[in-house]
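Asks: Please see the structure below; I have some questions.
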Amino acid sequence: MRNTSRLFTALASAVFSAGVLAQAALPLVDGEVRKVDLSAQKITLKHGEIKNLDMPGMSMVFKVKDPALLDKVKAGDRVQFTAEDVNGALTVVSIERVAP
Ligand SMILES: [Cu+2]
């Protein structure tokens, strides 16, 4: 019984670590917020190269993985963010304001 729960704990922490590593592996991208659309849960970013998506710099609309991300930024903010392709939708996974 005790061994089983120890094994479970080890497995759970291994899965958790893998998730953290996968997220940490997304490269940070420089960008500038052009528009925040709270009702559609979308954000327009002028972004630099996104290596993991093989995308050059441009302005475009992204979905957000968590709507709470949109509370952290506003139009005109300079940001660093990560993005990935979630079932064909380019999605912002994390975003942080950078000091001007
Ligand atoms: Cu783009």
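The values are calculated or read from the model by the stated rules, or taken from the named source; none is laboratory data. Everything numeric in this text was worked out from a predicted model, so none of it was measured. A quick note on method: Cβ atoms are made from the backbone with ideal geometry, for glycine too, and the neighbour counts reach across all protein chains shown.
Asks: Go through region 61-76 and count every residue that is more than 13 Å from the ligand (Cβ to nearest atom), surrounded by 15 or more Cβ atoms within 10 Å (Cβ to Cβ) and of a type outside the set (Lys, Arg).
Replies: Here the count works out to 4.
Asks: Taking into account only those residues within region 82-98 that are among the hydrophobic types (A, V, I, L, M, F, W, C) and closer than 13 Å to Asp30 by Cβ, which is surrounded by the most Cβ atoms within 10 Å (Cβ to Cβ)?
Replies: Ala83
Asks: Let me ask something else about it. Can you pull out the residues in region 43-60 that are on the phi < 0 side of the Ramachandran plot and either charged (D, E, K, R) or more than 9 Å from the ligand (Cβ to nearest atom) (or both)?
Replies: Passing the criteria: Ile43, Thr44, Lys46, Gly48, Glu49, Lys51, Asn52.
Asks: Could I ask something else about it? What's the total number of residues in region 57-93 that are out of contact with any strand residue (DSSP E or B) (no Cβ under 8 Å at 6 or more places or on another chain) and either outside any helix (DSSP H, G or I) or at pLDDT below 95 (or both)? Let's see the steps before the verdict.
Replies: Filtering region 57-93 down to residues out of contact with any strand residue (DSSP E or B) (no Cβ under 8 Å at 6 or more places or on another chain) leaves 66-68, 71, 87-88.
Retained after the next criterion (residues that are either outside any helix (DSSP H, G or I) or at pLDDT below 95 (or both)): 66, 87-88.
Residues in region 57-93 being out of contact with any strand residue (DSSP E or B) (no Cβ under 8 Å at 6 or more places or on another chain) and either outside any helix (DSSP H, G or I) or at pLDDT below 95 (or both): 3 in total.
Asks: Quick one: Val79 ticks every box in (1) of a type outside the set (Phe, Trp, Tyr); (2) surrounded by 15 or more Cβ atoms within 10 Å (Cβ to Cβ); (3) over 14 Å from Asp30 (Cα atoms); (4) over 10 Å from the mean Cα position of the chain (by Cα) except a single one, so which number is it?
Replies: (3)
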